[in-house]
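The values are calculated or read from the model by the stated rules, or taken from the named source; none is laboratory data. Bear in mind that the values here come from a model prediction, so they are computed numbers and not experimental data. Positions of Cβ are backbone-derived with ideal geometry, glycine not excepted, and every protein chain shown enters the neighbour counts. These accessible areas exclude ligands, DNA and RNA; they are computed on the full protein's heavy atoms, side chains included. Shrake-Rupley method; radii C 1.70, N 1.55, O 1.52, S 1.80 Å.
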Amino acid sequence: MKTKIQELPLSPGVYLMRDSRGTVIYVGKSKSLKKRVQSYFYNNKSHSPKVKRLVQHVKDLEHIVTDTEFEAFMLECRLIQDIKPMYNRKMKNPLGYSYIVLRQKRDWRWLEITDTLDEGSHEPSRCFGPYTASRHSLEHAVQKVKECCKIACNHAPAASSANTPCLNYSIGLCLGKCLGGETARQFDEIMDRFIALLQGDDRRLYDEMERTMLGAAERFDFEQAAKYRDGMEAVNLLLSKRHVIEFAEENHSIVVYEYLNEDTIKLFLIKGNVVLHSERCSVATTADIETLRLRVKALILSYFASDLECESTEVTRQDIDAAQIIYSYLQSSACRYLVLQDSWLEDGGEPDMEAALRDFMNHHYVVSS
């Protein structure tokens, strides 16, 4: 083991840890294989009990080198899904993706956070997710928004006809859904806007929270301002996690490249949450750039021309890991990408595609020169 660890490269890649029977018990990835794997076996006093137990059972090690950290992330994701190593399940909650479910009983609506869509005794009228935030983070975010908007009624649905105030009404966190009448209608209107915000259809609720926060700050009511600031941060968490799902559902056709060095890039063709193709390409000269542009065009026509009728896809729990990795990669400064328009792949669309590719690929030459 010591020899294998010393011989590990400083390159990006994936490592597989095996027990005495040769079973893969853990899969990990790193930007630097040697540094990451060494960290398990040296200076381990600060390790968690789970990591210490893992290290005790590791008897063999293998690794796979990748050109980029992105490829290491994607390979790790696939291997974990295929192999399902014991310690990956122990170190990462398999129910790490949660849903916000809107449930209804008669005229009473409430939001629940769940790890599985069949939870609860009431049929959901709407579902949002899966979210990549933890269940605890999601519950905290929803509660913050409900408190800011005064829709944190804590009466049970069965008590909705009692017309008695709930505890949260007495401390200013509930408008009075529990009392019925006009306040109940106001409550339902705010709930509608909260649902529209989760769907991405209407940001008025967020704008109102921002105005309230600024007004409180101008009055030097910093406690109130902080409350609404926290509520806005909660909304941003909910929306940012939703963006990953929306990105994957749109099932984009994407061309991506990343510099490996001054003269070489790594090219990727991505469809939705799947990497269809990858290769190293030389970009040392203008002739290389022109050759690459023709190569990329041919790859686009080969991989994407038949997908014109492909509609948006529903993202499942199995898809979300890869979708999160790809989304984060595209948002980072590590790569440059081009989202292909369907019209470019239709009859008469090639000139537009060629112009877009020219700008896309020439960017490298301008930057590197």
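What the phi angles of the stretch 27-42 give under the Karplus curve with 6.51, -1.76 and 1.60, with θ = phi - 60°, is a coupling list of 10, x, 9, 7, 6, 9, 4, 4, 4, 5, 5, 4, 5, 6, 9, 10 Hz, glycine and proline written as x. Taking 1.567 mPa s as the viscosity and 4 °C as the temperature, the Stokes-Einstein diffusion coefficient of the chain based on its alpha-carbon Kirkwood radius rounds to 53 µm²/s.
Return the long-range amide H neighbours of residue 25 (sequence gap of 5 or more, or a different chain), with a cut-off of under 5 Å between placed amide H atoms. Long-range HN contacts for residue 25: 17, 18, 19. Size estimate for the stretch 141-285 follows the Kirkwood approach: the inverse of mean 1/r over distinct Cα pairs works out to 18.7 Å.
The Rg/Rh ratio of the stretch 160-205, with both radii computed over alpha carbons and Rh defined as the Kirkwood radius, is 1.07.
The length gained by stretching the chain between residue 52 and residue 301 to full extension, at 0.36 nm per residue less their Cα-Cα distance, is 84.6 nm. Taking each residue as 0.36 nm, the span from residue 183 to residue 347 lengthens on full extension beyond its C-alpha to C-alpha distance by 53.3 nm.
Tell me, what % of the accessible area of the chain is carbon and sulfur with a 1.4 angstrom probe? In the chain, the share of accessible area belonging to carbon and sulfur is 49 percent. Computed per residue of the chain from DSSP H runs no shorter than four, each worth -39500 (n - 2.57), the mean residue ellipticity at 222 nm is -15500 deg cm²/dmol. Accessible area of residue 108 (1.4 Å probe, protein heavy atoms only, ligands and nucleic acids ignored): about 10 Å². Solvent exposure of the stretch 165-261 amounts to 50 Å² per residue of accessible area, where only protein heavy atoms count and the probe is 1.4 Å.
Under the simplified labelling scheme, the residue 277-residue 211 pair shows an inter-label distance of 5.2 nm, with each label point 7 Å from Cα along Cα→Cβ. The residues 301, 33, 239, sorted by heavy-atom accessible surface at 1.4 Å with ligands and nucleic acids left out, run 301, 239, 33 from largest to smallest.
For residue 20, put the label point 7 Å out on the Cα→Cβ axis and report which residues of the stretch 33-71 keep their amide N under 16 Å from it. The answer is 53-61.
Work the Kirkwood hydrodynamic radius out for the stretch 151-234: mean of 1/r over every pair of different alpha-carbon atoms, inverted, in Å.
Working: mean 1/r = 0.0716 Å⁻¹.
It works out to 14.0 Å.
Two decimals, Cα atoms only, Kirkwood Rh: what is Rg/Rh over the stretch 210-351? Rounded to two decimals, Rg over Rh is 1.16.
So, with +1 on the Cβ of K and R and -1 on the Cβ of D and E, and no other charges, what is the size of the charge dipole of the stretch 190-235 about its Cα centre, to the nearest 20 debye? Write down the numbers at each step before the final one.
On the way: 7 positive and 11 negative charges, 8 e Å.
In debye, rounded to 20, the stretch 190-235 gives about 40.
Across the options 327, 28, 12, the greatest Cα extent toward the positive end of the charge dipole of the chain (unit charges at beta carbon of Lys, Arg, Asp, Glu) belongs to 28.
Exposure check, 1.4 Å probe, all protein chains in place: residue 337 carries approximately 90 Å² of accessible surface.
Along the chain, counting only trypsin sites (Lys or Arg not before Pro) with a DSSP assignment other than H, G, I, E or B and at most 15 other Cβ atoms inside a 10 Å radius, the longest segment between sites is 220-369. A full extension of the chain between residue 42 and residue 82 corresponds to an added length of 11.4 nm, given 0.36 nm per residue minus the alpha carbon distance. In this entry, the stretch 43-89 is assigned a mean projected area of 4.4 nm², taken as a quarter of its C-alpha convex hull surface.
How big is the C-alpha Rg of the stretch 186-246 next to the rule-of-thumb value 2.2 N^0.38 Å, as a ratio? Intermediate values should be presented prior to the final figure.
Details: Rg = 12.6 Å, N = 61, 2.2 N^0.38 = 10.5 Å.
Ratio of Cα Rg to 2.2 N^0.38 Å: 1.20.
In this structure, residue 219 and residue 107 have a Cβ-Cβ separation that, at R0 = 41 Å, corresponds to a calculated FRET efficiency of about 0.70. For the chain, the Cβ-based charge dipole about the Cα centre amounts to some 2380 debye (Lys, Arg positive; Asp, Glu negative; other atoms uncharged).
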